[in-house]
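Chemist: Here it is, the structure, as structure tokens.
The values are calculated or read from the model by the stated rules, or taken from the named source; none is laboratory data. Everything numeric here is computed off the predicted structure, so don't read it as measured data. A quick note on method: Cβ atoms are made from the backbone with ideal geometry, for glycine too, and the neighbour counts reach across all protein chains shown. Remember, those area values only see protein heavy atoms, side chains included, never the ligands or the DNA or RNA. Shrake-Rupley method; radii C 1.70, N 1.55, O 1.52, S 1.80 Å.
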Amino acid sequence: MDTAALQAKATDIRRDILTMITEAGSGHPGGSLSCADILTALYFGGVMNYDANDPKMVGRDRFILAKGHAAPALYATLAEAGYFPKEEIHTLRKLGTRLQGHPDSNLLPGVEVSTGSLGQGLSVACGLAAGLRLTGEDGFVFTVLGDGECEEGQVWEAAMFGAHKALGRLVAIIDNNELQIDGCIHDVCDPGDLGDKFAAFGWDVQRVDGHDIEALVEVLSARKAQENDHPLALIAKTVKGKGVSFMENEAGWHGKAPKPEELEAALAELAAAAE
């Protein structure tokens, strides 16, 4: 898929994120919008090896959404990839739906692990990567963490484990939008330079514009083509609420659903930007 097609795919994902959260009346638009380009690169840029018709395919790459509250981004991506009918996005957070407020691996194909308790996703990703090596199965493990999530101590226990076990097929992508529900991460509990921290724990570190899909594909594809003894932390600089001007860099949109008139304005803005 060329860059223009990937950008169009990311726009479709953003439309679906906003639509499903508005219809549900609750959800997390800010952090879902900020990681939309990352998921687009992984699933549609030729980075991840997967088969929507065979979700448990041996040798597949695994994806773990550590920041599980951004489930709408994952759901929109999985629907685009063909894991389930796209019309099902309209059931987000409804009674009996497969699209819970956080991803549930018991309900929805394509969800490898139920996530949402912040800080635990990287530990799960480490365990998966270690398990794949033990069994000799091919496949990388990718996980997306929030930068606010990196205030959790368990993240650094996992970082220590991943480096110690030389999990070279593990990639942690940090959605570095610098905002969390209570405000700027540097004001709430400053994690400092996350790249320097991961490097201190023995990880390879790269930095990338988290909204440059072409750059994301290039970095992630190059990593898959190499043999490594160190896991990779990819610090992806992003904007919370990316794509909708009145949501961008606004912590208040962390966990607030748009009103119908706000949805209309947001969709119009996305459509204008795509022209």
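Chemist: What's the number of the condition V171 fails, among (1) closer than 30 Å to M20 by Cβ; (2) at pLDDT below 95?
Modeler: In the conditions (1) closer than 30 Å to M20 by Cβ; (2) at pLDDT below 95, V171 misses (2) alone.
Chemist: Could you figure out which of (1) surrounded by fewer than 20 Cβ atoms within 10 Å (Cβ to Cβ); (2) acidic (D, E); (3) more than 25 Å from G59 (Cβ to Cβ); (4) modelled with pLDDT of 95 or more isn't true of E275?
Modeler: It is condition (4) that E275 fails.
Chemist: Would you pick out the residues in segment 1-26 that are of a type in the set (K, R) and either over 14 Å from A271 (Cα atoms) or over 16 Å from the mean Cα position of the chain (by Cα) (or both)? Lay out the reasoning, then the answer.
Modeler: If we filter segment 1-26 for residues that are of a type in the set (K, R), which is where we start, we get 9, 14-15.
Answer for segment 1-26, where residues must be of a type in the set (K, R) and either over 14 Å from A271 (Cα atoms) or over 16 Å from the mean Cα position of the chain (by Cα) (or both): just R15.
Chemist: Here is a list of conditions, (1) in contact with a strand residue (DSSP E or B) (Cβ under 8 Å, 6 or more places away or on another chain); (2) not in a helix (DSSP H, G or I), and E227 meets all of them except one; can you say which number that is?
Modeler: (1)
Chemist: Pick from G183, G153: which is touching a residue at least 24 places away in the same chain (Cβ under 8 Å), of a type outside the set (D, E, K, R) and on the phi > 0 side of the Ramachandran plot? Spell out how you get there, then give the answer.
Modeler: On the way: G153 fails: on the phi > 0 side of the Ramachandran plot.
Just a single option satisfies the conditions, and that option is G183.
Chemist: Considering segment 157-176 alone, what residues qualify as being under 22 Å from G30 (Cβ atoms) and either among the charged types (D, E, K, R) or open to solvent by less than 10 Å² (accessible area, probe 1.4 Å) (or both)?
Modeler: Filtering segment 157-176 down to residues under 22 Å from G30 (Cβ atoms) leaves 172-176.
Once the filter is applied, which keeps residues that are under 22 Å from G30 (Cβ atoms) and either among the charged types (D, E, K, R) or open to solvent by less than 10 Å² (accessible area, probe 1.4 Å) (or both), segment 157-176 yields A172, I173, I174, D175.
Chemist: Follow-up question, since we're still on this one. Applying the selection to segment 101-150, what residues are on the phi > 0 side of the Ramachandran plot and either free of Cβ contacts under 8 Å to residues at least 12 places away in the same chain or not small (G, A, S) (or both)? First the steps, then the outcome.
Modeler: Taking segment 101-150 and keeping what is on the phi > 0 side of the Ramachandran plot, we get 110, 116, 119, 136, 139.
Selection gives G136 alone.
Chemist: Sort out which residues of segment 37-66 are within 22 Å of L107 (Cβ to Cβ) and assigned to a helix (DSSP H, G or I), and write them in order of number.
Modeler: L39, L42, Y43
Chemist: What about A222, is it free of Cβ contacts under 8 Å to residues at least 24 places away in the same chain, part of a helix (DSSP H, G or I) and more than 18 Å from the chain's Cα centre (by Cα)?
Modeler: Working: free of Cβ contacts under 8 Å to residues at least 24 places away in the same chain: yes; part of a helix (DSSP H, G or I): yes; more than 18 Å from the chain's Cα centre (by Cα): yes.
Yes.
Chemist: Of the residues that sit in segment 1-36 and are open to solvent by 10 Å² or more (accessible area, probe 1.4 Å), outside any helix (DSSP H, G or I) and out of contact with any His (no Cβ under 8 Å at 6 or more places or on another chain), which one is modelled with the lowest pLDDT?
Modeler: M1
Chemist: To continue, here is another question. Looking at S105, S117 in this structure, which one is closer than 22 Å to L78 by Cβ, surrounded by fewer than 20 Cβ atoms within 10 Å (Cβ to Cβ) and modelled with pLDDT under 95? Steps first, please.
Modeler: On the way: S105 fails: modelled with pLDDT under 95.
That would be S117, the only listed residue that is closer than 22 Å to L78 by Cβ, surrounded by fewer than 20 Cβ atoms within 10 Å (Cβ to Cβ) and modelled with pLDDT under 95.
Chemist: Would you check if there is a residue in segment 242-249 being aromatic (F, W, Y), part of a loop (DSSP other than H, G, I, E, B) and either within 30 Å of G168 (Cα to Cα) or open to solvent by less than 20 Å² (accessible area, probe 1.4 Å) (or both)?
Modeler: Narrowing segment 242-249 to residues aromatic (F, W, Y): 246.
Now restrict to residues that are part of a loop (DSSP other than H, G, I, E, B): 246.
From what is left, the residues that are either within 30 Å of G168 (Cα to Cα) or open to solvent by less than 20 Å² (accessible area, probe 1.4 Å) (or both) are none.
So far as segment 242-249 goes, no, none of its residues is aromatic (F, W, Y), part of a loop (DSSP other than H, G, I, E, B) and either within 30 Å of G168 (Cα to Cα) or open to solvent by less than 20 Å² (accessible area, probe 1.4 Å) (or both).
Chemist: Among the residues of segment 124-145, write down those that are of a type in the set (S, T, Y) and either closer than 17 Å to N228 by Cβ or surrounded by 20 or more Cβ atoms within 10 Å (Cβ to Cβ) (or both). Before you say what the answer is, go through the steps one by one.
Modeler: At the first step, the residues of segment 124-145 found to be of a type in the set (S, T, Y) are 135, 143.
Answer for segment 124-145, where residues must be of a type in the set (S, T, Y) and either closer than 17 Å to N228 by Cβ or surrounded by 20 or more Cβ atoms within 10 Å (Cβ to Cβ) (or both): just T143.
Chemist: Separate question: Here is a list: E214, E151. Which entry is more than 30 Å from V58 (Cβ to Cβ) and touching a Pro at 6+ places or on another chain (Cβ under 6 Å)? Explain how you work it out, then say what you get.
Modeler: Details: E214 fails: touching a Pro at 6+ places or on another chain (Cβ under 6 Å).
Among E214, E151, only E151 is more than 30 Å from V58 (Cβ to Cβ) and touching a Pro at 6+ places or on another chain (Cβ under 6 Å).
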